[in-house]
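Read the structure below first, then the notes.
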Amino acid sequence: MEWSGNQTLITHFVLLGLFTQTPLHFFLFFLIMTMFLVALTGNGLMILLINIDSRLHSPMYFFLSWLSLMDLMLISTIVPRMAVDFLSGKGYITFAGCGLQILFFLTLLGDECFLLAFMAYDRYVAISNPLRYSLVMNKRVCWLMVAFSWLFGLLDGLIQAVFTLHFPYCRSNKIDHFFCEVPAILKLACADTSLYESMIYVCCVLMLLLPFSVISASYLQILVAVLRMHSAEGRQKAFATCSSHMTVVTLFYGAAMVTYIRPQAYHSSKQDKVVSAFYTMLTPMLNPIIYSLRNKEVTGALKKLLGRCSCGQREDSLQ
């Protein structure tokens with residue numbers, strides 16, 4: 001603690017966590033750790049398959065590999081720290097540690113917003129203009145889209161991390177959350193944060209609604225193109241190609257909009273923690289499952305990899 005006039009300024013925070021030390025909460029903790037391991041395995045395997053199988057070397061899977069990497073980093077930013085806090089019974093985190101968590105979390109959140117929009121545009125070009133697909137979605141364009149996603153995500157995360165920790169904090173050092181999320185931290189500020197909260201609200205609306213508008217426009221054009229198709233098989237293939245991405249978009253944007261577009265007056269600590277757990281843990285776990293179960297090329301690549309592993313084990317046993 002530091003003293004400033006008659007106020008005690010906080011130099012560190014204490015995260016209260018997602019749950020307390022009870023038998024039920026120990027069960028929930030192990031459930032979350034299982035989700036974490038499934039997310040690490042699923043996303044890691046997705047990245048591996050896309051990189052080693054030549055059939056998956058296309059723009060769609062290129063973006064998917066980056067989505068898996070972002071999901072892997074997002075859940076790793078939150079869960080390990082939460083697990084250590086729960087097992088130790090302490091949630092101590094320094095100002096610098098809190099700032100880094102805000103930076104990484106919001107950067108990855110912004111990255112996914114824009115990457116999902118570019119993935120929708122990729123599907124639009126593939127279905128509406130297949131003859132020019134390889135020309136429009138060339139390697140350079142794909143890399144620029146990924147770089148653009150990281151740049152805007154990093155810019156958003158950096159601005160919010162710096163400005164959030166710029167305020168003096170003197171009310172309490174206890175954050176009623178399981179990680180350093182900006183709305184939960186601002187409640188502890190002993191300065192007027194209304195202007196900054198309004199700025200964050202506008203920024204989050206733009207960060208969510210601009211990519212979502214691109215997604216909506218892309219899928220509207222896809223729907224028009226599919227309805228013009230005379231082949232039932234072609235329609236089915238087009239819908240199958242987009243269904244996984246639409247499911248992921250619904251899960252991610254639904255939870256993110258509830259948290260960041262809803263006015264601060266309608267927030268409660270319990271609701272915020274549940275919604276945050278949804279898009280920081282559940283969504284990263286479900287994304288690789290959704291894409292692998294609904295995609296014959298991914299399941300084919302997985303069978304091929306397992307076949308290689310079994311053949312290698314047989315050769316070792318014969319030697």
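Report, by chain and number, residues whose modeled amide H sits under 5 Å from the one on Ile175, excluding near sequence neighbours (fewer than 5 apart, same chain).
Val14, Leu15, Leu16
Just to be sure I understand: with springs between alpha-carbon atoms less than 10 Å apart, which residue in His166, His177, His12 has the highest mean-square fluctuation in the Gaussian network model of the chain?
Answer for the Gaussian network model of the chain: His166.
Name the residue, out of Met145, Met229, Met257, whose mean-square fluctuation peaks in a Gaussian network model built on the chain with Cα pairs under 10 Å.
Among Met145, Met229, Met257, the largest mean-square fluctuation in the Gaussian network model of the chain belongs to Met229.
What are the residues whose amide H is under 5 Å from the amide H of Cys180, where those residues sit 5 or more places off or on another chain and H is modelled from the backbone?
Long-range HN contacts for Cys180: none found.
Expressed in nm to one decimal, what extension gain is obtained for the pair Ala83 and Glu297 from 0.36 nm per residue of sequence separation less their Cα-Cα distance?
Stretched fully, the Ala83-Glu297 segment lengthens by 73.5 nm.
Sort Ile47, Ile200 from largest to smallest accessible area, using a 1.4 Å probe on the heavy atoms of the protein chains.
Ile47, Ile200
Do you know the relative contact order of the chain, to the nearest whole percent, from alpha carbon pairs under 8 angstrom that are 6+ apart?
Contact order relative to length: 26 percent.
For the Cα atoms of the chain, what angle does the longest principal axis make with the long axis of helix 139-164, in degrees from 0 to 90, nearest 10?
10 degrees
Calculate how steeply helix 95-128 sits against the longest principal axis of the alpha-carbon atoms of the chain, using the helix alpha-carbon long axis, and give the answer as 0 to 90 degrees to the nearest 10.
30 degrees
Pull up all non-local amide H partners of Tyr169: gap of 5 or more, or a different chain, and H-to-H distance under 5 Å with H placed in the peptide plane.
Ile10, Cys190
With a 1.4 Å probe and all protein chains left in place, how much accessible area per residue does the chain have, in Å²?
Ligands and nucleic acids excluded, the figure is 52 Å² per residue.
Leaving ligands, DNA and RNA out of it, report the carbon-plus-sulfur percent of the accessible area of the chain at a 1.4 Å probe. If you can, show how the numbers build up before the last one.
Numbers: 11260 of 16440 Å².
Carbon and sulfur: 68 percent of the exposed surface of the chain.
Between Leu158 and Phe239, what FRET efficiency comes out of the Förster formula 1/(1 + (r/R0)^6) with R0 = 35 Å and r the beta carbon distance, rounded to 0.05?
With R0 = 35 Å, the Cβ-Cβ based efficiency is 0.35.
Based on DSSP H runs of at least 4 residues, each adding -39500 (n - 2.57), what is the mean residue ellipticity at 222 nm of the chain after dividing by all its residues, to the nearest 500 deg cm²/dmol?
Working: 11 runs with 235 residues, N = 319.
The helix contribution divided over the chain gives -25500 deg cm²/dmol.
Helix 23-52 versus the longest principal axis of the chain: what is the Cα-based angle in degrees, 0 to 90, to the nearest 10?
That helix lies at roughly 40 degrees to the long axis.
Could you please state, rounded to a whole Å, how far the C-alpha centre of region 175-216 is from the C-alpha centre of region 25-73?
Their Cα centres are 27 Å away from one another.
The values are calculated or read from the model by the stated rules, or taken from the named source; none is laboratory data. No experiment lies behind these values; they were computed from the predicted model shown. A quick note on method: Cβ atoms are made from the backbone with ideal geometry, for glycine too, and the neighbour counts reach across all protein chains shown. Accessible surface is based on the protein model in full, side chains and every heavy atom, while ligands, DNA and RNA are left aside. Shrake-Rupley method; radii C 1.70, N 1.55, O 1.52, S 1.80 Å.
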